[in-house]
Amino acid sequence: MWLPAATAQGKPAATVVLAVSARAQAGDKAPRRTDFEPGQLERLPQHTIRTTTPWYSGAHEFSGPLLRDVLDAAGVPARAEGTARCTALNDYRVDLPLDDARRFDVVVARLLDGKPMSVREKGPLFIMYPFDERPELRTSVYFSRCIWQLKAIEVV
């Protein structure tokens with residue numbers, strides 16, 4: 001009988017909530033993939049924004065690591081050019097410029113009003129822009145870059 005290595009050693013297999021893939025060098029043939037478990041995202045510096053959105057009534061708090069910190073932890077250079085192709089659990093995709101991660105405090109939210117988000121509540125991860133702090137972001141362009149039920153980011 002085959003068992004995953006972690007299970008065979010008596011430890012439960014880790015739950016991956018986010019996979020980030022990127023080429024480490026421009027000439028790399030295959031992207032390097034970094035899998036994040038909930039605890040790994042929790043150990044990154046946390047940031048909270050309180051903002052209103054088209055998806056909820058009133059202002060809410062979204063907490064989690066900044067997108068730039070997640071990308072950095074995955075080995076994506078801070079000055080990398082390109083696009084973060086974000087994929088949801090239902091395979092819906094959104095592309096956002098990597099420059100957004102540098103210019104704005106974009107949060108990979110794992111908490112909504114201090115509580116983990118279930119899939120039904122648009123979780124477990126939701127990319128959120130600081131719309132109330134940066135009114136210029138309150139446009140359909142930036143609203144469309146928010147993706148809930150985030151499961152993967154591919155840097156292209």
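The values are calculated or read from the model by the stated rules, or taken from the named source; none is laboratory data. What you are looking at is a predicted structure, and each value in this text was computed from that prediction instead of being measured. When we count neighbours, we look across all protein chains shown, and the Cβ atoms used for this are built from the backbone with ideal geometry, even at glycine.
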For this session: Could you please tell me which pairs satisfy a Cβ distance under 6 Å, a separation of 6+ or placement on different chains, a first residue in segment 127-140 that is charged (D, E, K, R), and a second residue that is surrounded by 18 or more Cβ atoms within 10 Å (Cβ to Cβ) and part of a loop (DSSP other than H, G, I, E, B)?
Result: Arg138/Phe131
For this session: Answer yes or no: is there a residue in segment 121-130 that is modelled with pLDDT under 95, within 22 Å of Glu37 (Cβ to Cβ) and among the charged types (D, E, K, R).
Result: yes
Exercise. Within the bounds of segment 112-120, is there any residue that is more than 12 Å from the chain's Cα centre (by Cα), on the phi > 0 side of the Ramachandran plot and not in a strand (DSSP E or B)?
Worked result: yes
Problem set entry | Index of the failed condition, Ala80 passing every other in (1) within 22 Å of Thr52 (Cα to Cα); (2) assigned to a loop (DSSP other than H, G, I, E, B) | (1)
Seminar exercise, completed: In the set Gly64, Gly58, the lone residue that is free of Cβ contacts under 8 Å to residues at least 40 places away in the same chain and either among the aromatic types (Phe, Trp, Tyr) or part of a strand (DSSP E or B) (or both) is Gly58
Exercise. How many of the residues making up segment 116-129 are of a type outside the set (A, V, I, L, M) and buried (at least 19 other Cβ atoms within 10 Å of the Cβ)?
Worked result: 5
Seminar exercise, completed: Only unsatisfied item for Asp113, checking (1) closer than 15 Å to Phe131 by Cβ; (2) surrounded by fewer than 15 Cβ atoms within 10 Å (Cβ to Cβ); (3) in contact with a strand residue (DSSP E or B) (Cβ under 7 Å, 6 or more places away or on another chain), is (1)
Exercise. With (1) among the hydrophobic types (A, V, I, L, M, F, W, C); (2) more than 19 Å from Ala22 (Cβ to Cβ); (3) without any contact (Cβ under 8 Å) to a residue 40 or more places away in the chain; (4) in contact with a strand residue (DSSP E or B) (Cβ under 7 Å, 6 or more places away or on another chain) as the list, and Trp148 as the residue in question, which single condition is left unmet?
Worked result: (3)
Exercise. Within segment 25-41, is even one residue assigned to a strand (DSSP E or B) and either among the polar types (S, T, N, Q) or under 20 Å from Ser140 (Cβ atoms) (or both)?
Worked result: yes
